[in-house]
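Peer 1: Below you'll find the structure I mean.
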Amino acid sequence: MAKPRIHGASPSPFVRKVRVVLAEKGIDYDQTPVIPFNPPAEFKKISPLGKIPVYQEGDYTLPDSSCICAYLERVHPEPALYPKDPKQYGKALFYEEYGDSKLVEALAPVFFQRVIVAKLMKGKPDDNIVQDKLSNAIPPVLDWLETQVPDGDGIVGGRFSIADVALASPFVNFMHAGESVDAKRWPKLAAYVARIHARPSFKACIEEEKAQFAAL
Ligand SMILES: N[C@@H](CCC(=O)N[C@@H](CS)C(=O)NCC(=O)O)C(=O)O
């Protein structure tokens, strides 16, 4: 098998999902830090939606973090990151979707304003957007997650899975934006996110990203 290459910049929650899965499965890879708002001319050929990440293995390319992670599970089945039980499998896919859509929609604008606009683009962040998300969009999402998360590592069947990867990844962006889950209001969720982020797979990404942002 050709050494895989991930096209996409590390702070993307979707790129991070794939990097965490690669690390959990012990797969070595290269990375091209494509920024989707300013992609190289040829990028659309491998990313029809113009989004990151794209996975490449020789001349095989595959966009979309969920498709990539599912593919990686087929070619590297161990350690398994998808439950074998059909009902748990269905739940894991739903939590992955919830992380990728609802959670990213709620948390990412705070990251975008405070990090992308303020630090990378050296612009003025729109504090109205940030406050609206923090006050209105985010609490109901965290309220629901508080009812779902376990005391252990795995939200589905007590085993770490793709669901945990997808749910924990957007909280890294929240952290880069100077925010965290309020442990007084959402104690189970705060502890769960901290546990997942402490896994070596997440920790390596987080430390690398922090160093990148510190250099700005
Ligand atoms: N469903 C996709 C979403 C990927 C995505 O939205 N990536 C963002 C960066 S975090 C992007 O490339 N945005 C550029 C755009 O939407 O044009 C996946 O899971 O990979």
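The values are calculated or read from the model by the stated rules, or taken from the named source; none is laboratory data. None of the values given here were measured: they were computed from a predicted structure. Please note: Cβ atoms are built from the backbone with ideal geometry, for glycine as well, and neighbour counts cover all protein chains shown.
Peer 1: Do we have VAL110 as within 16 Å of the chain's Cα centre (by Cα), within 12 Å of the ligand (Cβ to nearest atom) and surrounded by 18 or more Cβ atoms within 10 Å (Cβ to Cβ) here? First the steps, then the outcome.
Peer 2: Working: within 16 Å of the chain's Cα centre (by Cα): yes; within 12 Å of the ligand (Cβ to nearest atom): no; surrounded by 18 or more Cβ atoms within 10 Å (Cβ to Cβ): yes.
No: the conditions fail for VAL110.
Peer 1: Checking the structure you have, find out if any residue of the stretch 41-48 is of a type in the set (Ser, Thr, Tyr), more than 22 Å from LEU107 (Cβ to Cβ), over 18 Å from the mean Cα position of the chain (by Cα) and surrounded by fewer than 18 Cβ atoms within 10 Å (Cβ to Cβ).
Peer 2: Going residue by residue through the stretch 41-48, those that are of a type in the set (Ser, Thr, Tyr) are 47.
Next, from what is left, pick out any that are more than 22 Å from LEU107 (Cβ to Cβ): 47.
Then drop every residue that is not over 18 Å from the mean Cα position of the chain (by Cα), which leaves 47.
Filter again for surrounded by fewer than 18 Cβ atoms within 10 Å (Cβ to Cβ), leaving none.
Checking the stretch 41-48: not a single residue is of a type in the set (Ser, Thr, Tyr), more than 22 Å from LEU107 (Cβ to Cβ), over 18 Å from the mean Cα position of the chain (by Cα) and surrounded by fewer than 18 Cβ atoms within 10 Å (Cβ to Cβ).
Peer 1: Would you check if TYR29 is closer than 25 Å to ASN173 by Cα and of a type in the set (Phe, Trp, Tyr)? Walk me through it before giving the result.
Peer 2: Numbers: closer than 25 Å to ASN173 by Cα: yes; of a type in the set (Phe, Trp, Tyr): yes.
Considered against the rule, which asks whether it is closer than 25 Å to ASN173 by Cα and of a type in the set (Phe, Trp, Tyr), TYR29 comes out as yes.
Peer 1: Please count how many residues of the stretch 49-69 are among the hydroxyl-bearing types (Ser, Thr, Tyr) and surrounded by 22 or more Cβ atoms within 10 Å (Cβ to Cβ).
Peer 2: First pass over the stretch 49-69, keeping only residues among the hydroxyl-bearing types (Ser, Thr, Tyr): 55, 60-61, 65-66.
So of that shortlist, the ones also surrounded by 22 or more Cβ atoms within 10 Å (Cβ to Cβ) come out as 55, 65.
Number of matching residues: 2.
Peer 1: Follow-up. VAL172 is checked against (1) under 30 Å from ALA70 (Cα atoms); (2) surrounded by fewer than 21 Cβ atoms within 10 Å (Cβ to Cβ); (3) in contact (Cβ under 8 Å) with a residue 60 or more places away in the chain and fails just one. What number does that condition carry?
Peer 2: Just one mismatch for VAL172, condition (2).
Peer 1: Would you kindly identify the helices (runs of 4 or more DSSP H) lying entirely within the stretch 107-216 that contain at least 1 residues that are within 30 Å of PRO77 (Cβ to Cβ)? Don't jump to the end; show me each part of the working.
Peer 2: Values: elements: 127-132, 138-148, 162-176, 187-197, 200-214.
Filter on the stretch 107-216 gives 138-148, 162-176, 187-197, 200-214.
Conditions (1) within 13 Å of the ligand (Cβ to nearest atom); (2) modelled with pLDDT of 95 or more; (3) within 16 Å of ALA23 (Cα to Cα), marked per residue:
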| residue | (1), (2), (3) |
| --- | --- |
| ASN38 | yes, no, no |
| GLY50 | yes, yes, no |
| PRO53 | yes, yes, yes |
| ALA70 | yes, yes, yes |
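Peer 1: Which is surrounded by 15 or more Cβ atoms within 10 Å (Cβ to Cβ), basic (Lys, Arg) and over 19 Å from PHE14 (Cβ atoms), of ARG199, ARG159? Show your work before the answer.
Peer 2: Working: ARG199 fails: over 19 Å from PHE14 (Cβ atoms).
ARG159 is the lone residue from the list that is surrounded by 15 or more Cβ atoms within 10 Å (Cβ to Cβ), basic (Lys, Arg) and over 19 Å from PHE14 (Cβ atoms).
Peer 1: Exactly one condition in (1) more than 24 Å from LEU81 (Cβ to Cβ); (2) within 13 Å of the chain's Cα centre (by Cα) is not met by SER135; state its number.
Peer 2: Here SER135 meets the rest and fails (2).
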